[in-house]
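K.L.:
Here it is, the structure in full.
The values are calculated or read from the model by the stated rules, or taken from the named source; none is laboratory data. Keep in mind that this is a model prediction, so the values were computed, not measured. Note that we place each Cβ from the backbone using ideal geometry, even for glycine, and neighbour counts take in every protein chain shown. What goes into the accessible areas is simple: the full protein's heavy atoms, side chains included, and nothing from ligands, DNA or RNA. Shrake-Rupley method; radii C 1.70, N 1.55, O 1.52, S 1.80 Å.
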Amino acid sequence: MTTGDNGSEIRELAGKRALVTGGSRGIGAAVVRQFLDAGAEVLTTARSGTGTVPEGAVFVAADLRTRAGAQAVAEAAQEALGGVDILVNNAGGARPFPNALAIPDEEWQDQLDLNYLASVRLDSLLTPGMRARRSGAVVHVSTAAVTTSAPPFLHYTAAKAALENYSRGLALELAPFGVRVNAVSPGRTATPGGEATRKQWASLREGPGQDNTAPPLGRDGRPDDIANAVLFLVSDRASWLTGRNLTVDGGEFPAG
Ligand SMILES: NC(=O)c1ccc[n+]([C@@H]2O[C@H](COP(=O)([O-])OP(=O)(O)OC[C@H]3O[C@@H](n4cnc5c(N)ncnc54)[C@H](OP(=O)(O)O)[C@@H]3O)[C@@H](O)[C@H]2O)c1
């Protein structure tokens, strides 16, 4: 929220209708809360939302790894909000394996479905409406770990790398229609999913693994650190930004 010249409160997303995937916890829940505070109407989705979805958001349960799941969410958004002006593709995550060659075929497919194709499918269902209105903003949540491609997560970082490449191309395609498409790449962020994955990884590690020292800024990321970047990218303050990938990592991945 900002303050106008006459001291009145300006809610940055007033009148906007937003769909945020994976809003039952972690980064997605922080994005939902910030969007609601900024005045947006918000629908969010996860496979289960037992009491953890921020109050004020509409919730629909769906598994986004299938086309049918994406379709159900798009229809629910149309019904509850009447359309979507802002789409944040955040749902994602990974299960580590001892090494890249131990990752089974079905896990590769699962990662492509969740961390890449879920976004492609939702974008294809919801950006035509933005294009017709000549206005809209899409954010894809990737990972700063794309730059290091850690073998126990290669299925995950490869799927997110595809997402980043696709995000840049979609931005070019939709720019003439006033629709902006950007990505946000978090570093290590303290969320239920992130913590669980890092614990699994630590228990598997054979040889060189993840460095557990804090990022240069001295702590792990907080969900709100990432949500701040997402809110910026969908707001009018970022009206001249499209096709970009904002790394938010406290300096963890200096080349990103
Ligand atoms: N935390 C980190 O350190 C970190 C770092 C880099 C990138 N990221 C990225 O940031 C995003 C959010 O991560 P997070 O750490 O906040 O994860 P999280 O705490 O595990 O939350 C993930 C959210 O996505 C939902 N979700 C998972 N699988 C789903 C499915 N198949 N269908 C629909 N919804 C599903 C979860 O709900 P259900 O389980 O009930 O479905 C939950 O709401 C992800 O894309 C992740 O890759 C996180």
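K.L.:
If R₀ is 35 angstrom, what is the calculated FRET efficiency for the pair ASP37 and ARG134, using the beta carbon separation as r and rounding to 0.05?
P.N.:
Plugging the Cβ-Cβ distance into 1/(1 + (r/R0)^6) gives 0.80.
K.L.:
Take the alpha carbon gyration tensor of the range 213-256, find the square roots of its eigenvalues, order them as a ≥ b ≥ c, and report rounded if a/c is under 1.5; if not, report prolate when a/b exceeds b/c, else oblate.
P.N.:
Oblate, because a/c is 1.5 or more while a/b does not exceed b/c.
K.L.:
Give me the extension gain from ARG205 to GLU79: residue separation times 0.36 nm, minus the current Cα-Cα distance, reported in nm with one decimal.
P.N.:
40.7 nm is the gain from fully extending ARG205 to GLU79.
K.L.:
With +1 assigned to the C-beta of every Lys and Arg and -1 to the C-beta of every Asp and Glu, and no other charges, what is the dipole magnitude of the chain about the Cα centre in debye, to the nearest 20?
P.N.:
200 debye
K.L.:
State in Å² the accessible area per residue of the chain; use a 1.4 Å probe, count heavy atoms of protein chains only, and round to the nearest integer.
P.N.:
Each residue of the chain exposes 47 Å² on average to a 1.4 Å probe.
K.L.:
Full-extension gain between ARG168 and ASN99, please, as 0.36 nm times their residue separation minus the C-alpha to C-alpha distance.
P.N.:
So the extension gain works out to 21.9 nm.
K.L.:
Could you check the spin-label model distance between ARG67 and TRP108? Points 7 Å from the Cα along Cα→Cβ, value in nm.
P.N.:
My value for the distance between the label points is 2.2 nm.
K.L.:
Spin-label point model (7 Å from Cα, Cβ direction): what's the ASN228 to ARG244 distance in nm?
P.N.:
Distance between label points: 1.6 nm.
K.L.:
Within 10 Å, at most 15 other Cβ atoms, and a DSSP state outside H, G, I, E, B define an exposed site. Report the longest part of the chain free of exposed GluC sites (Glu not before Pro).
P.N.:
In short, 56-205.
K.L.:
State the percentage of accessible surface on the chain attributable to carbon and sulfur atoms; use a 1.4 Å probe and exclude ligands, DNA and RNA.
P.N.:
Accessible surface attributable to carbon and sulfur in the chain totals 52 percent.
K.L.:
Also, quick follow-up: Expressed as a whole percent, how much of the Cα-Cα distance distribution for the range 177-256 exceeds 14 Å?
P.N.:
Percentage above 14 Å: 68.
K.L.:
Roughly how compact is the range 22-180, stated as its Cα Rg over 2.2 N^0.38 Å to two decimals?
P.N.:
Taking the Cα Rg and dividing by 2.2 N^0.38 Å, one obtains 1.05.
K.L.:
Let me ask another. With a cut-off of 12 Å, note down the residues of the range 110-134 whose backbone N falls inside the zone around a label point 7 Å from the Cα of PHE177 toward its beta carbon.
P.N.:
123-134
K.L.:
Round to the nearest 10 and give me the degree value, 0 to 90, for the angle of helix 154-174's Cα axis relative to the longest principal axis of the chain.
P.N.:
30 degrees
K.L.:
Hey, another quick one. If the elastic network links every pair of Cα atoms under 10 Å, which of GLY23, GLY15, GLY243 fluctuates the most in the Gaussian network model of the chain?
P.N.:
Taking springs between Cα atoms under 10 Å, the residue moving most is GLY15.
K.L.:
Treating the angle as unsigned and between 0 and 90°, give the value, to the nearest 10°, between the Cα long axis of helix 118-133 and the longest Cα principal axis of the chain.
P.N.:
Approximately 20 degrees, to the nearest ten.
K.L.:
Tell me what the chain gives for mean residue ellipticity at 222 nm when only DSSP H runs of n ≥ 4 count, each as -39,500 (n - 2.57), the sum divided by the residue total, rounded to 500 deg cm²/dmol.
P.N.:
Calculated from helices alone, the mean residue ellipticity at 222 nm is -12000 deg cm²/dmol.
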